[in-house]
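Structure first, commentary second.
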Amino acid sequence: MNPVTLAFAILGLTGFALGAVLSATGPYDMGVILMGLGLMFQVISLVRIKRAKTKGGSDARG
């Protein structure tokens, strides 16, 4: 897996978890923003994984 894709996935999980903790214990607005950013990073990493799979599959077919 590409290191950039892995970094996006880690940022997504960390951002969402931190946002969930903040929205439950501290400033609600900041927690929701961090959760949204975490989800955005997750979507970006999933799109990159899907593109890599389709690119790899088309190369294998010839």
Item to check | Residue list for the range 23-42, filter: assigned to a helix (DSSP H, G or I) and either farther than 12 Å from L11 by Cβ or in contact with a Pro (Cβ under 7 Å, 6 or more places away or on another chain) (or both) | outcome: S23, A24, T25, Y28, D29, M30, G31, V32, I33, M35, G36
Item to check | Filtered residue count, the range 43-56, keeping only those that are in contact with a Ser or Thr (Cβ under 6 Å, 6 or more places away or on another chain) and either open to solvent by 60 Å² or more (accessible area, probe 1.4 Å) or in a loop (DSSP other than H, G, I, E, B) (or both) | outcome: 1
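The values are calculated or read from the model by the stated rules, or taken from the named source; none is laboratory data. None of the values given here were measured: they were computed from a predicted structure. Please note: Cβ atoms are built from the backbone with ideal geometry, for glycine as well, and neighbour counts cover all protein chains shown. Just so you know, the surface numbers come from the protein's heavy atoms only, side chains and all, with ligands and any DNA or RNA stripped out. Shrake-Rupley method; radii C 1.70, N 1.55, O 1.52, S 1.80 Å.
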